[in-house]
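Data block below; observations after.
The values are calculated or read from the model by the stated rules, or taken from the named source; none is laboratory data. Nothing here was measured: the structure is a model prediction, and the numbers come from that model. Counting neighbours? That spans all protein chains shown, and the Cβs are built from the backbone with ideal geometry, glycine included.
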Amino acid sequence: MVRLHIHKYTLNASAADRVGLDDQGLRSYMLRVYNYMGTGLALTGAVAFMVANTPALLEIFYARTAYGVEPTILGYAAMFSPIAFFLVLSFGLNRMSAPMAQLVFWAFAGVMGLSMSHIFLTYTGTSIARVFFITSGMFLAMSLYGYTTKRDLSGMGSFLLMGLIGIIIASIVNIFIGSSMMQFIISVAGVLLFVALTAYDTQGIKATYSAHDDGSTAQKKAIHGALRLYLDFINLFMMLLHLFGKRE
């Protein structure tokens, strides 16, 4: 009887140890995701600021016209080049080595900075900083909710996808229409969408964690998760900037 109780206690202790190790591994994995994301955002911001404040680089990507500052051919190439890197990361990640995936992610963050350099020419530095801090607060709150909630958010996936497609189509249409009211509606809808996506993606990234992944697989999963959250943050920031940014 004593031996049975001791054996049962040992089994319970071992199970508790495994749970503790799993929790520790999950926290380490999520920290890696956030580190990749944060470093990517810092690189994007640094590149955008450097281009906007370096006359030699500014002349390469932008030209002053009678209608204001317009992108040059290289400027348009920089604006659309992040799409290529995103597709490579999304569909080719499994075939890459972990160091190559990391390199492509940094390259993506860098060219995103090139494509976003125009915001420093359009909005005041003070309003950009203010919107960045607002975005950071909203992102952290929703990401924390997605990480800690017991509610299953996976059912939101199809609804969020339809909303994302709708916003993309509406944004393309508004390029030709140029309606300020439509842009306002798109921005409000975009804020709501990317706030929800932040929680949804955080929970999804958490669900991809496995203690049995080898080092390379875990790193590539972390990079993919960082890409999802990075895009949520960038898009939320841009939507809020359209709403609250003060133009030059």
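Within region 49-92, being in contact (Cβ under 8 Å) with a residue 12 or more places away in the chain and part of a loop (DSSP other than H, G, I, E, B) holds for 53, 72. Answer yes or no: is there a residue in region 235-247 that is crowded, with 19+ Cβ neighbours inside 10 Å, under 25 Å from residue 25 (Cβ atoms) and either touching a Phe, Trp or Tyr at 6+ places or on another chain (Cβ under 6 Å) or modelled with pLDDT of 95 or more (or both). Checked against the condition, which is being crowded, with 19+ Cβ neighbours inside 10 Å, under 25 Å from residue 25 (Cβ atoms) and either touching a Phe, Trp or Tyr at 6+ places or on another chain (Cβ under 6 Å) or modelled with pLDDT of 95 or more (or both), region 235-247 yields no hits at all. Report yes if residue 227 is surrounded by 16 or more Cβ atoms within 10 Å (Cβ to Cβ) and not β-branched (Val, Ile, Thr), otherwise no. For residue 227, the condition - surrounded by 16 or more Cβ atoms within 10 Å (Cβ to Cβ) and not β-branched (Val, Ile, Thr) - is met. Being surrounded by 10 or more Cβ atoms within 10 Å (Cβ to Cβ), at pLDDT below 85, closer than 14 Å to residue 110 by Cβ and touching a Phe, Trp or Tyr at 6+ places or on another chain (Cβ under 7 Å) is a description that does not apply to residue 48. Filtering region 196-218 to residues that are crowded, with 19+ Cβ neighbours inside 10 Å, in a helix (DSSP H, G or I) and not acidic (Asp, Glu) leaves 197, 198, 199, 200, 202, 203, 205, 218. The set of residues in region 170-182 that are within 22 Å of residue 195 (Cα to Cα) and surrounded by 11 or more Cβ atoms within 10 Å (Cβ to Cβ) comprises 170, 171, 182.
Residue-by-condition table, conditions (1) modelled with pLDDT of 95 or more; (2) on the phi > 0 side of the Ramachandran plot; (3) assigned to a helix (DSSP H, G or I):
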| residue | (1), (2), (3) |
| --- | --- |
| 94 | no, no, yes |
| 104 | no, no, yes |
| 107 | no, no, yes |
| 135 | yes, no, yes |
| 141 | yes, no, yes |
| 146 | yes, no, yes |
| 152 | no, no, no |
| 168 | no, no, yes |
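Scanning region 60-71 turns up no residue that is under 30 Å from residue 143 (Cα atoms) and either surrounded by fewer than 20 Cβ atoms within 10 Å (Cβ to Cβ) or not aliphatic (A, V, I, L, M) (or both).
Taking every residue in region 231-244 that is assigned to a helix (DSSP H, G or I) and pairing it with any residue that is acidic (Asp, Glu), at least 6 positions away or on another chain, the pairs with Cβ-Cβ distances below 8 Å are 232/201.
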